[in-house]
Amino acid sequence: MIMIDIYDMAGWWTLIMALQVVAISMYFFWSKRKTKTYDPLCNGKAINWKPVPIVEHDVTVEEPPLMGKIDDNVLNVGASSFLCLHKEESITEDALKSLEKYGVGSCGPRGFYGTIDVHLELEERLANFLEVEETCVYSYGFSTVASAIPSYAKKRDIIFADECVWFAIQKGIDASRSTVRYFKHNNADHLEEMLAEAKRKNELNSRRRAFLIAEAIYFNTGEMCPLKRLVQLARKYKLRIILDESLTIGVLGKHGRGITEYLDIPRDEIDLIVGSLEHSFATVGGFCAGTHFIVEHQRLSGLGYCFSASLPPMLTQAAISALDIIESIPNIIEELNENSKKLSKSLSQLKYFTFRGDDISPIKHVYLKKDDLTDRLKHTYLRNITNYCMEKGVAMTVAAYLRDVEINCPEPSIRLACSTKLTDDTISLICSLLDEAYEKVGPKPELQAV
Ligand SMILES: *[C@@H]1O[C@H](CO)[C@@H](O)[C@H](O)[C@H]1NC(C)=O
């Protein structure tokens with residue numbers, strides 16, 4: 001009897017096991033069939049699936065600059081080498097010597113075998129030149145400010161920025177994920193209103209950091225920021241100032257030390273100064289300058305500093321040699337400023353164009369006076385005008401216009417860069433050529449009547 005019971009139970013067990021096996025295999029079978037037919041991307045209709053465009057709005061991509069075509073017979077007012085150091089023989093020689101000594105690349109980020117004595121020398125020289133405690137050198141101008149901003153500003157912080165800041169700053173602000181408020185271009189009263197309102201709503205409090213971001217001279221408008229007012233406001237509302245001095249280092253002030261020297265504002269009023277070596281220094285790279293406490297922070301948290309190969313030694317050497325020249329010929333700055341003022345004066349007499357940019361700013365933006373055209377059309381006309389000027393031996397660039405929802409980008413313009421090589425004759429040539437080009441290839445008056 002006992003034996004039969006056991007056999008009986010064994011029979012039941014077998015049956016249960018068999019049922020389980022069937023159930024499990026059916027489950028796998030069905031779930032497999034399901035994943036086969038379901039694809040979240042195309043819903044089973046791969047052929048009909050049309051992907052959304054990656055870029056939604058119209059973006060005008062600028063043609064590569066005319067570098068190859070530019071030779072010594074062409075007057076270049078497109079490149080921002082304000083002090084013409086790119087033509088300096090001694091810098092080229094020094095860079096070549098450095099090339100022989102170290103080779104082309106640095107082979108690693110600063111923290112991983114990429115630091116070479118020239119980097120330390122440049123950082124020290126820049127710190128002495130700018131009269132700050134410390135500087136750190138980045139390997140690319142664009143990434144300097146774009147990494148410096150998110151290394152301090154984080155998700156819960158708040159940033160107040162001018163609406164005309166250049167593209168790298170916009171990207172830095174995006175990367176920080178902070179709350180951002182744009183104030184009207186160079187309008188300190190508007191900024192003050194915003195700050196007062198933020199204060200009222202308790203958005204400025206001790207739990208979040210607040211930043212003020214501005215450019216000394218705006219790349220997009222050529223206008224200088226009212227730094228004294230900005231500093232006062234920043235102190236009153238406890239904001240930290242990040243100032244982009246890319247276009248003022250080697251341009252403003254008696255020794256070319258930038259806007260703080262020019263306006264006689266103590267350097268320690270500015271928390272972080274960011275600059276580029278790609279304009280007056282005529283090489284590649286950028287730097288951040290400030291106190292040891294502030295700059296040191298970036299050596300571990302500036303993404304562009306930590307994770308990009310460091311600046312090639314020969315380009316670093318070129319920056320050191322450029323600094324030698326700027327320090328030894330102080331009136332080079334005065335010469336540039338004189339030329340900038342002359343260019344402004346001459347541009348104000350243009351027949352068909354208006355322009356923007358402070359007298360002392362080496363960057364000027366030239367706009368069409370005719371304003372009943374769409375931006376796209378203006379851009380095409382400006383492009384045709386610059387092509388005409390190029391044929392006549394003057395190279396200029398049309399500023400890329402990118403309209404963003406939040407940022408009020410200025411309208412299409414020709415961006416002129418002043419330099420020490422300009423003379424009275426070449427300045428009047430540029431201006432007469434602009435008007436001549438407008439008459440030849442610009443908008444025709446009879447088109448207006450149609
Ligand atoms: C610009 O120049 C091109 C080539 O010469 C011409 O086809 C085009 O119509 C011009 N555009 C305008 C808006 O005049």
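The values are calculated or read from the model by the stated rules, or taken from the named source; none is laboratory data. Every value quoted in this text rests on a predicted model; they were computed, and no experiment measured them. FYI the Cβ positions are ideal-geometry reconstructions off the backbone, even for glycines, and counts take in every protein chain you see. Each accessible area value is taken on the protein alone, full model and side chains, heavy atoms only, with ligands, DNA and RNA left out. Shrake-Rupley method; radii C 1.70, N 1.55, O 1.52, S 1.80 Å.
Placing unit charges on the Cβ atoms of the charged side chains and taking the dipole of the chain about its Cα centre, the candidate lying farthest along the positive direction among Ala196, Met9, Gly253 is Met9. Remark: segment 331-441 carries 44 Å² of accessible area per residue (probe radius 1.4 Å; ligands, DNA and RNA excluded). Toward the positive end of the charge dipole of segment 89-328, with +1 on the Cβ of Lys and Arg and -1 on the Cβ of Asp and Glu, the farthest Cα among Gly222, Leu272, Ile326 is that of Leu272. Averaging 1/r over each pair of different alpha-carbon atoms in segment 138-228 and inverting the result gives 13.6 Å, the Kirkwood hydrodynamic radius.
Any idea what log10 I(q)/I(0) is at q = 0.08, 0.09, 0.15 Å⁻¹ for segment 89-328, Debye with uniform C-alpha scatterers and no solvent? Normalising to I(0) and taking log10 leaves -0.29, -0.37, -0.98.
A probe of 1.4 angstrom, applied to the heavy atoms of all protein chains, finds Cys288 with accessible area near 0 square angstrom. Dipole magnitude for segment 331-441: about 260 debye, using +1 per Lys or Arg Cβ and -1 per Asp or Glu Cβ, origin at the Cα centre.
Looking at the chain, send over the antiparallel percent of its DSSP beta bridges, to the nearest 5. Around 50 percent of the beta bridges assigned by DSSP in the chain are antiparallel ones. Protection proxy ranking for 206-217, 142-153, using the average of other Cβ atoms within 10 Å per residue and placing the highest first: 142-153, 206-217. Positive-end ranking of Leu130, Val165, Val104 along the dipole of segment 89-328, with charges on Cβ about the Cα centre, is headed by Val165.
In segment 89-328, what percentage of the DSSP-assigned beta bridges are antiparallel, given to the nearest 5? Don't skip to the end; give the middle numbers.
On the way: 11 of 28 bridges.
Bridges in segment 89-328 that DSSP calls antiparallel: roughly 40 percent.
Keeping the other protein chains in place, figure out the carbon and sulfur percent of the accessible area of the chain, with a 1.4 Å probe. Walk me through the numbers on the way to the answer.
Numbers: 13900 of 24040 Å².
Reported share for carbon and sulfur atoms: 58 percent.
Dividing the summed helix terms, -39500 (n - 2.57) for each DSSP H run of n ≥ 4, by the number of residues in the chain produces a 222 nm estimate of -14500 deg cm²/dmol to the nearest 500.
The percentage of C-alpha pairs in the chain whose separation is greater than 43 Å is 27%.
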